[in-house]
1. If I take all pairs of Cα atoms in the range B:2-211, what percentage of them are more than 29 Å from each other?
2. Using the alpha-carbon atoms, what tilt in degrees (0 to 90, nearest 10) does helix A:186-214 show relative to the longest principal axis of chain A?
3. Classify the range A:5-214 from the C-alpha gyration tensor, please: rounded if a/c falls under 1.5, else prolate or oblate depending on whether a/b exceeds b/c.
4. Determine ³J(HN,Hα), in whole Hz, for all residues of the range A:48-54 in sequence, where each value follows from phi through the Karplus function 6.51 cos²θ - 1.76 cosθ + 1.60 and θ = phi - 60°; x replaces Gly and Pro.
5. Keeping all protein chains in place, calculate the accessible area per residue for the range A:67-159 (probe 1.4 angstrom), answer in Å².
6. Would you compute, from DSSP H runs of 4+ residues alone, the mean residue ellipticity of the protein assembly as shown at 222 nm, taking -39500 (n - 2.57) per run and dividing by the full residue count, rounded to the nearest 500?
7. Lys and Arg at +1, Asp and Glu at -1: add these up for the other residues within a Cβ distance under 13 Å of B:S62 and post the number.
8. Given the protein chains as shown and a 1.4 Å probe, how many square angstrom of A:V205 are accessible, to the nearest 10?
Amino acid sequence: MEWDWNFVWEIMPTLIQGVKITILATLLGSVLAAIIGLGIALARRSPNRALSRTVGFLAEFIRGTPLLVQLYFIFYVLPDIGILLPPLVAGVIGLGLHYGTYTAEVYRAGIDNVPRGQWEAAKACNLNARQTWTHIIIPQAIPPMIPALANYFIAMFKETPLLSAITVLELMNQAKSVANTYYRYIEPITLVGAFFLAISLCSVVLLRWLERRYGKIER
Amino acid sequence: MTQWSGYLGLILQGALVTIELTLMGSVLALIMAFLAGMGRLSRFFALRALATAYIEFFRGTSIFVQLFFAYFVLPLAGVELTPLQAGVLALGLNVGAYAAEVVRGAVQSIGREQHEACIALNLGRWQGMRHVILPQAFLVMLPTFGNNAIELLKATAVVSLISLADLTFQAQVVRAQTGNTMVPFTTILIIYFILALLISWGVRSLERRMARGLDGVRV
């Protein structure tokens, strides 16, 4: 089968529609993952044993099972108990929850990496818990985390094609529907691959820059 | 209740396919990881470039897109693959690219003095690698290989979308036949989690075995 440029230009607008949804899902999923991750990280540090153990096990469970099955679960099982979600919302929740368990580890490492002396100094300066977190710990913990967080957001971006399985009309789904309409697979699927490769290579450059800018821990 | 046991049998058949895929994919991934990881450390520019291109390409595009490419586009180029072959190929090549970076990082993490000792003992490049560097580097690689194997297990869920009868696919079959979504999806989530636990347990005990006799070499 030959590569047909006319066909490529013909299907481009449809694919661009999909690209928009793919990027939207990645952005929303990233925001959700950043928030959920922080929640999990804080819950696991909680002095309440029951809370930290439960959250720890749930996070471990979510990390040990496939995102695709979790998406099916959110999209097909939750309606049984009365929670009906539109596909995109279900997809974003799935992505956010799955990657939230990964970003939680990044937060944990970032917080643990703040030297003990800083905690002690905060105590010596008579700062209370809230002041210690907002003025001492968080400002020092966040910058070294940024490259690792960005890494997971790029990984999430590459998982978005899974959303096509729960009928979100993102890039992969648009490509499949185009392929099924015209019985031509080579152009749409190759274009999807090329698109992902292009964005990933750009994000590698961005990641290198982030690492240079924030990666070093000043001691 | 009798019918549920039949459906459970169906799901267990799917579990066998998932395990088979994970094992075969892991073997291919391990081979690719060593080939590409060593390739990146090669003296020859061509080998380095080839290995880098492979790693960047497979890490840069989504596993989902690679699988669809292997299953739908390769036949157009005259390479007919069964769903199982396409699945093993895509999973192995994808995870192999991630693991190749682990191999490279681990080999580079072995101290200079070990390389110098090899030269002092008049070992050839290959001999030094085989008898001195790799046995130590392998121990460094193992924990991350375990994580990669779990990633591979999770990625196998995607093959259900190219009509391979794995766990996720069988859960969909059961869902279609019974109209019940909660039971099959919860069951397979638990099975995936148990498989992930088995992998991490296996890798940890392998690590203990391999570390025997290396006390004092590594801190």
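The values are calculated or read from the model by the stated rules, or taken from the named source; none is laboratory data. Keep in mind that what you see is a predicted model, and the values were worked out from it rather than measured. Using ideal geometry, Cβ is built from the backbone for each residue, glycine included, and neighbour counts are taken over all protein chains shown. Heads up: the accessible areas ignore ligands, DNA and RNA and are worked out on the full protein's heavy atoms, side chains in. Shrake-Rupley method; radii C 1.70, N 1.55, O 1.52, S 1.80 Å.
1. So the pairs more than 29 Å apart make up 37 percent of the total in the range B:2-211.
2. Here the helix axis deviates by roughly 20 degrees.
3. oblate
4. Values per residue, Gly and Pro as x: 6, 4, 4, 5, 5, 5, 4 Hz.
5. 47
6. For the protein assembly as shown, the value works out to -25500 deg cm²/dmol.
7. In short, 0.
8. Roughly 100 Å² of A:V205 is accessible to a 1.4 Å probe.
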